Amino acid sequence: MASIDPNAWLRRLPIAVGILGSSLLMLNRLLTPALTESQARSDVMGIILCAVLVLTGLLWQRVQPKLPDAVELQGEAGFELDEMLPEVAQTELAWASHLLLTNTVTRSLVAYYDGKVLMRRGVLGPTQEITSGAILKRVLEKGKAVYLVDMKLYPGRVEFGYMPENTQGLICQPMGQKGALILGANAPRSYTKQDETWIEGMADKLGNTLDRTLLTDTAARPEESLT
């Protein structure tokens with residue numbers, strides 16, 4: 001379902017006022033039996049002002065950006081969190097995902113770390129199994145985010161089958177040494193630069209926590225088995 005632009009009427013207002021004003025001026029001119037010099041000057045000024053209003057409205061139609069069309073993502077809303085995670089990691093993931101879902105255009109969120117899905121939240125995709133495709137591998141190897149501004153333009157979108165089928169935009173953000181945060185939006189080109197910076201900061205915070213808790217636990221297990 002396409003979203004309705006709440007500012008559409010405001011952009012059309014100068015055009016409507018300009019047309020109405022010029023129509024009233026023409027009607028007044030036709031109904032005036034004797035035209036005085038001062039009235040003629042007033043009519044000219046009125047026509048100029050009406051023309052400026054119409055031109056302003058037309059410029060607003062072209063200059064002001066139209067809001068991207070949003071859709072309702074297919075899937076059920078839910079919150080799945082790996083209960084085997086340390087409590088501090090669970091708290092961080094729950095807190096960060098709530099902020100991202102309520103303060104950005106994100107509608108679906110997946111936290112992936114060391115080959116495992118740690119969390120899914122928002123509108124859930126059809127499967128929770130993640131197959132590491134070319135885009136996710138590149139993010140994990142190079143540590144740089146990938147932003148697919150309009151999913152339908154990218155053939156590589158097929159690797160994100162674990163996200164809602166009609167996801168419109170997607171960010172794959174590195175998270176720590178072995179993880180990634182995958183965020184799906186319900187409108188194309190909807191993440192701003194400020195959103196991207198904020199998401200990067202949240203992912204770094206989560207990655208730091210997961211690196212400290214999960215990698216430390218993994219490294220400690222071989223030592224325990226030798227004692």
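The values are calculated or read from the model by the stated rules, or taken from the named source; none is laboratory data. Here the structure is a predicted model, which is why all the values come from computation and not from measurement. Here the Cβ is made from the backbone with ideal geometry for all residues, glycine too, and neighbour counts use every protein chain on show.
What the table below lists for this structure:
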read-out	value
Arg107 within 17 Å of Ala70 (Cα to Cα) and either out of contact with any Asp or Glu (no Cβ under 6 Å at 6 or more places or on another chain) or not hydroxyl-bearing (Ser, Thr, Tyr) (or both)	yes
Residues satisfying the stated conditions in region 173-189, i.e. in a loop (DSSP other than H, G, I, E, B) and more than 12 Å from Val71 (Cα to Cα)	Gly176, Gln177, Lys178, Arg189
Residue in region 149-159 that is touching a strand residue (DSSP E or B) at 6+ places or on another chain (Cβ under 7 Å), among the hydrophobic types (A, V, I, L, M, F, W, C) and modelled with pLDDT of 95 or more present	no
Qualifying residue in region 98-112 (condition: in contact with a strand residue (DSSP E or B) (Cβ under 6 Å, 6 or more places away or on another chain), at pLDDT below 95, closer than 20 Å to Trp198 by Cα and in the same structural domain as Ala203 (by TED's automatic domain parsing))	yes
Filter pass, Ala40 being modelled with pLDDT of 80 or more and either assigned to a helix (DSSP H, G or I) or surrounded by 11 or more Cβ atoms within 10 Å (Cβ to Cβ) (or both)	no
Residue in region 84-101 that is of a type outside the set (Lys, Arg) and either in a strand (DSSP E or B) or touching an Asp or Glu at 6+ places or on another chain (Cβ under 7 Å) (or both) present	no
